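Let me begin by presenting the structure, written as C-alpha cells, before commenting on it.
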Amino acid sequence: MSIQLFVPTFRVEECLEEIRECLEKGWTGLGFKTVQFEDEWKKYTGLKNAHFLNSATVGLSLALKILKMENEWNDGDEVITTPLTFVSTNHAIVYENLQPVFADVDDSLCLDPADVEKKITSKTKAVLFVGLGGNVGQYSKIVELCQKNGLKLILDAAHMAGTRVNSEIPGKEADVVVYSFQAVKNLPTADSGMICFKEQKNDEICRKLSWLGINKDTFARSGEKGAYKWKYDVEYVGYKYHGNSIMAGIGLVQLKYLDQDNAYRRQLAEWYDEQFKLFPDKLRIISVTEGCEASRHLYIIEVDNRDELLHDLNEFEIYPGVHYRDNTEYRMYSYAKGTCPNSLYLSERILSLPMHLRMTKEDVDFICEKVIACLTSKIL
Ligand SMILES: *Cc1c(COP(=O)(O)O)cnc(C)c1O
C-alpha cells in the first residue's frame with residue numbers, strides 16, 4: 001500500500017446533502033450557500049469581513065489590486081515577499097504591476113523579520129507573509145515591523161485554516177488575509193478561497209471586482225425586486241472571481257470538522273516528532289513557533305541528502321513532496337537569484353512527509369522507520 005503526501009477527506013453524505021439542497025433549490029451560483037459560508041467563516045475566525053472566491057490565487061490578486069488602488073501605489077512599487085512559497089503568492093504581485101522583492105526565511109521557513117527590515121526601500125508598500133504549513137514563524141515581529149514602517153500587511157493563509165496563536169485566529173492585525181480551500185489544502189473543497197479585509201470598504205470593492213465590477217446596490221436599492229434587476233451599474237472592469245454554492249456547501253461541512261481534523265494532524269505530527277527527535281544528528285524537524293497551534297497542513301524535515309532520500313522513500317511507495325523550491329530558481333523570478341541564501345539552502349534540504357487524515361500511527365511509524373533507515377544507510 002502506497003502512502004501519498006495528501007489525500008483529502010470528505011464527509012461524503014453530508015457534502016452530498018449540501019449539494020442536494022443547492023440542486024433542488026435550483027441555486028448553485030453566487031449567493032445562498034456562499035453567504036452562509038461567509039457568515040460561518042466570520043463567526044469561526046472572528047475576522048470582520050469574509051468574501052468567498054473561486055481560489056486563493058484570485059484572492060491574492062484582488063488583495064494587491066485593491067490595496068494598490070485605494071492607497072494610490074504606483075506601478076513598480078515594491079512588495080516584500082518570500083521565495084519559499086507556491087508561485088501564486090508572487091504572481092499575484094506581478095499581476096498588479098508591482099515588484100516582488102524577496103526577503104530571506106528563518107529556520108521556520110517563514111519570512112525573517114531581520115531580512116525583511118533590510119529590504120525596505122522608499123518604494124516598499126507592503127509585506128506579504130506566508131504561514132508555511134500552518135505555522136506562524138515570526139509573524140508577530142512582521143506585524144510590528146509593518147506598523148513601525150507604515151507598510152500594509154497581506155497574510156497568505158493558504159495553509160492556515162484553523163491555525164491559532166495563543167488561542168486566537170491570527171489575521172485581525174493584517175490588512176487582508178487570504179485562505180485557500182483548494183483540493184489538497186487542510187480545508188479542502190475542489191477549488192475555492194476566502195478573502196478577509198480588515199476594512200469593510202475594501203470588502204465592498206472586492207465584492208464588485210469579483211463579479212465583473214457590477215454594483216448590485218443600484219437595483220437592490222430601487223426596491224423594484226426583480227423587474228429592474230438588469231438595471232445595475234458597472235463601476236469597474238471587474239473579473240469573474242466569486243465562489244459558488246456547490247463549493248460553499250462542501251466548505252460548510254469541512255468547517256464543522258476543521259478543529260477536529262487539525263487536532264488529528266497535530267497528533268500525526270507529534271508521532272513523527274517523537275521518533276525523529278531521537279535522531280537529531282540525522283535530520284532537523286521544522287518545528288512550530290511557541291504558542292502556535294498550527295493547522296499542520298504540512299510536516300517538514302530538513303536533511304542532508306534530500307533528493308536521494310526522496311528517491312529511496314519512493315522505493316517503499318512513500319511519496320513525500322517539497323514545499324517549496326526557492327522561487328528565485330524559476331526563470332520568472334531569476335532576477336532575484338542569490339538574494340536569499342538561507343531560502344536556497346533550505347529549499348534543497350527540505351522534504352514534506354505524508355500528512356492527511358487517512359493516515360494511522362502505523363503509517364507514521366512505517367515512514368519514520370524508512371526515513372531513518374535510508375538516512376543511516378547513506379551515512380554508513
Ligand atoms: C495553494 C496555495 C495558494 C493558491 O491557492 P489556490 O486556492 O489553489 O489558488 C497560494 N499560496 C500558497 C502558499 C498556497 O499553498
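Since every read-out is calculated from the coordinates, none of them should be taken as a lab result. Since we're looking at a predicted model, the values are computed, not measured. Cβ sites come from the backbone with ideal geometry, for glycine too, and all protein chains shown count toward neighbours.
For this structure, a couple of remarks:
- Between residue 373 and residue 345, the contour length at 0.36 nm per residue exceeds the alpha carbon distance by 7.7 nm.
- Rounded to the nearest 0.05, the FRET efficiency derived from the C-beta distance between residue 335 and residue 1 at R0 = 51 Å is 0.70.
- Computed over the chain: relative contact order in percent, which uses C-alpha pairs under 8 Å that are six or more apart: 24 percent
- Pairwise centroid distance, computed over Cα atoms, of region 121-146 with region 185-218, Å: 22 Å
- Each residue, residue 259 and residue 44, gets one label point 7 Å from its Cα in the Cβ direction; the gap between the two is 1.2 nm.
- For a straight C-alpha distance cut-off of 20 angstrom, the lysines reachable from residue 277 (same-chain residues fewer than eight places away being disregarded) are 361, 370, 378.
- Efficiency of FRET between residue 308 and residue 183 - r from beta-carbon atoms, R0 35 angstrom, step 0.05: 0.75
- For region 106-112, the Karplus equation 6.51 cos²θ - 1.76 cosθ + 1.60, evaluated at θ = phi - 60°, returns couplings of 9, 5, 7, 6, 9, 3, 8 Hz by residue, with Gly and Pro reported as x.
- Loop-located GluC sites (Glu not before Pro) in region 309-379 whose Cβ has at most 16 other Cβ within 10 Å (DSSP): 317, 348
- Put simply, the convex hull of the Cα atoms in the chain casts, on average, a shadow of 20.0 nm².
- Folded to 0 to 90 degrees: helix 361-379 orientation relative to the chain principal axis, Cα: 50 degrees
- Between residue 316 and residue 122, the simple spin-label model (points 7 angstrom out along Cα→Cβ) gives 5.7 nm.
- Placed amide H near residue 3: partners under 5 Å, 5+ positions off or other chain: 318, 319
- Angle in degrees between helix 56-70 and the longest Cα principal axis of the chain, rounded to the nearest 10: 60 degrees
- Subtracting the Cα-Cα distance of residue 267 and residue 25 from their residue separation scaled by 0.36 nm leaves 83.1 nm.
- Modelled this way, with points 7 Å down the Cα-to-C-beta line, the labels at residue 204 and residue 358 are 4.7 nm from one another.
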